[in-house]
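Asks: Below you'll find the structure I mean.
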Amino acid sequence: MEVNNGENTTNNWVPIMKKLHMNVIGEKMKKFPKLTCRTIWRVGKEDPRRVFHSLKVGISLTLVSLLYLMDPLFKGFGSNAIWAVMTVVVVLEFTAGATLCKGLNRGLGTLLAGSLAFLIEYVATKTGHVFRAIFIGAALFFIGATATYMRFIPYIKKNYDYGVVIFLLTFNLITVSSYRVDNVLKIAHERFYTIAIGCGICLLMSLLIFPNWSGEDLHNFTAAKFEGLAKSIEACVNEYFSDEEQQKAKEDSSDLEDPIYNGYKTVLDSKSFDETLALYASWEPRHSRHCYRFPWQQYVKLGNVLRHFGYTIVALHGCLQTEIQTPRSVRAMFKDPCIRLSGEVAKALKELGDSIRYRRHCSPEILSDHLHEALQDLNKAIKSQPKLFIGSKSNTNKLTLATVVSKGQSGALNSRRVSLSSVKTDTSALLDWKSKLRGGSSTTHENLKLRPTLSKIAITSLEFSEALPFAAFASLLVEIVARLDLVIEEVEELGRIAHFKEYNDDEHVVVEIDKKNSRHLPNQLPTQDSGD
């Protein structure tokens, strides 16, 4: 009877679970249209240029489709008109530089491949039918191996890799087809013309109709990096000296994003993106009022310096998440000079970002006296508390480890961060705790829970100063000030090479007033689609 009741209960649960599963699927299907519309709207709102680019691609595909749809054009090109459609799909990129790079690579690769294929065909026809096949096979092997090996050369791989691929593809298609087809010359001409038409339409849409310049994207994105780093430093220092109530409120609001991480994340992830934008910008014409070659690679060098600067901010952020923390009462002694120092560093970074954004040299007073005064105040504050950094037994709170163990998991085990003064600094207490853990009546499962605290107690059993974690935080803050000089030198070098205009106090005041109404780039990688 018990078995039958169990089987009946199981049979009753099956349709209920199926019904619940169907209800979940139904709820997801109801939310799907709304979620899709919201995503589409968000993508267009983040960068309206995406909408214009999509419209340009649609118009370009419509234009090249006329080669198929109109009878006079179709009679002239035939089925080779499909190559124009393929060219638009592959070549038309988001920015003008990317379109120029791929379009010129495709055109140059097709032209060279066609010329070499005609030469191979001319020589092959003079060798007879049998030797013609052997000659074509040898030519395919030699040209294919040589072109593939050339793709490993760094300069060619960086600038002309796509062109070499198109050259290899076109050469093989024409050369192999010439062995069986008599009118291969006509087919090659039609294919070249359709590819040229497709590239021409792509260049027309990219350069003349709402153009998106890779150089402008790189310039604006570099300027936005400084603002992100400035926000990260200020938010990191403010959080380090925040009260317990503020810290708890931040932990409870899980929906909010971390401003510290978002500030430096974009800088650390921008290496390949900067190099790609600089490469595409080098292909773009001199569309500005300056006719000289703009130093796009200098932006890449500046990005490398900013990444090294960002690594220090990452280490500073790590001080907030360490297991051993300085008590808040001790931190409060150094709060004012540290916040002043971070504010001055953030102010200097924003000034550097504005100098790049508005293409002007930095202010001569970018490293103001306030920054040096904040450094001196921090130095005086540290020297005024020598006992905190030397450490003494009288300043430590000698709690017994037996109390820590007796409180169990609700006390020391659940707290993720402890101060150096929260446990006894006597090595004998550590040995007592280990002996109790071995000989006690606790279960193996409890031993495994207590074991991760062994390393923490072993560290805190030493005579370390309770201000030692703050010393690491302060040293990183001073390191940020030292690295700021390297960033300033690189920005000044960029301004010198790019011929930025001289700094003007009156113009700077106008810029500061208008900045409140201006919209900066979001702190994320801008749109750059560059597929092969």
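The values are calculated or read from the model by the stated rules, or taken from the named source; none is laboratory data. Being a predicted model, the structure only gives us computed values, none of them experimental. Quick reminder, even Gly has a Cβ in these numbers, built from the backbone with ideal geometry, and neighbours come from all protein chains shown. Surface areas here come from the heavy atoms of the whole protein model, side chains and all, with no ligands, DNA or RNA. Shrake-Rupley method; radii C 1.70, N 1.55, O 1.52, S 1.80 Å.
Asks: Filter segment 37-51 down to the residues that are surrounded by 15 or more Cβ atoms within 10 Å (Cβ to Cβ) and in a helix (DSSP H, G or I) and list them by number.
Replies: R49, R50
Asks: Specify the residue that is modelled with the lowest pLDDT; the eligible residues are those in segment 1-57 that are aliphatic (A, V, I, L, M) and in contact with a helix residue (DSSP H, G or I) (Cβ under 7 Å, 6 or more places away or on another chain).
Replies: V43
Asks: Same structure again: Examine segment 174-190 for a residue that is in contact (Cβ under 8 Å) with a residue 12 or more places away in the chain, within 33 Å of the chain's Cα centre (by Cα) and open to solvent by 50 Å² or more (accessible area, probe 1.4 Å), and state whether such a residue exists.
Replies: Checked segment 174-190: no residue is in contact (Cβ under 8 Å) with a residue 12 or more places away in the chain, within 33 Å of the chain's Cα centre (by Cα) and open to solvent by 50 Å² or more (accessible area, probe 1.4 Å).
Asks: Sort through E234, E216 and tell me the only one that's free of Cβ contacts under 8 Å to residues at least 60 places away in the same chain and among the acidic types (D, E).
Replies: Criteria check complete, one pass: E216.
Asks: Just one of the numbered conditions (1) crowded, with 16+ Cβ neighbours inside 10 Å; (2) at pLDDT below 90; (3) not small (G, A, S) is not true of D71; which one?
Replies: (1)
Asks: To continue, here is another question. Would you confirm, using the coordinates I've provided, whether G198 is touching a helix residue (DSSP H, G or I) at 6+ places or on another chain (Cβ under 9 Å) and crowded, with 21+ Cβ neighbours inside 10 Å?
Replies: For G198, the condition - touching a helix residue (DSSP H, G or I) at 6+ places or on another chain (Cβ under 9 Å) and crowded, with 21+ Cβ neighbours inside 10 Å - is met.
Asks: In segment 467-492, how many residues are within 18 Å of I382 (Cα to Cα) and surrounded by fewer than 18 Cβ atoms within 10 Å (Cβ to Cβ)?
Replies: 6
Asks: For L352, indicate whether it is modelled with pLDDT of 90 or more and either in contact with a strand residue (DSSP E or B) (Cβ under 8 Å, 6 or more places away or on another chain) or not β-branched (V, I, T) (or both). Walk me through how you get there before you give the answer.
Replies: Details: modelled with pLDDT of 90 or more: yes; either in contact with a strand residue (DSSP E or B) (Cβ under 8 Å, 6 or more places away or on another chain) or not β-branched (V, I, T) (or both): yes.
It is true that L352 is modelled with pLDDT of 90 or more and either in contact with a strand residue (DSSP E or B) (Cβ under 8 Å, 6 or more places away or on another chain) or not β-branched (V, I, T) (or both).
Asks: May I ask you to list pairs of residues, at least six apart or on different chains, whose Cβ atoms are under 7 Å apart, with the first in segment 356-385 being small (G, A, S) and the second being open to solvent by less than 30 Å² (accessible area, probe 1.4 Å)?
Replies: Going by the 7 Å Cβ cut-off, the qualifying pairs are S363/E351; A374/P337; A374/L341; A381/F334; A381/P337.
Asks: Hey, another quick one. If you take the residues in segment 210-258 that are among the small types (G, A, S) and under 18 Å from S355 (Cβ atoms), which one is modelled with the lowest pLDDT? Break it down into steps so the answer makes sense when it comes.
Replies: Initial filter on segment 210-258 (among the small types (G, A, S)): 214-215, 223-224, 228, 230, 232, 235, 242, 249, 253-254.
Subset that is under 18 Å from S355 (Cβ atoms): 215, 223-224, 228, 230.
On the way: G215: 89, A223: 92, A224: 92, G228: 92, A230: 92.
Residue satisfying both the conditions and the ranking: G215.
Asks: Here's something else I'd like to know. Does L208 fit the bill of being closer than 30 Å to F294 by Cβ, open to solvent by less than 50 Å² (accessible area, probe 1.4 Å) and of a type in the set (A, V, I, L, M)? Outline the logic, then answer.
Replies: Working: closer than 30 Å to F294 by Cβ: yes; open to solvent by less than 50 Å² (accessible area, probe 1.4 Å): no; of a type in the set (A, V, I, L, M): yes.
Answer is no for this residue.
Asks: Among the listed residues S282, S272, identify the single one that is at pLDDT 85 or above and open to solvent by 50 Å² or more (accessible area, probe 1.4 Å).
Replies: It is S272.
Asks: Mind checking which helices (runs of 4 or more DSSP H) fall wholly inside segment 129-186 and carry at least 1 residues that are under 27 Å from Q297 (Cβ atoms), touching a Cys at 6+ places or on another chain (Cβ under 9 Å) and modelled with pLDDT of 90 or more?
Replies: 161-177
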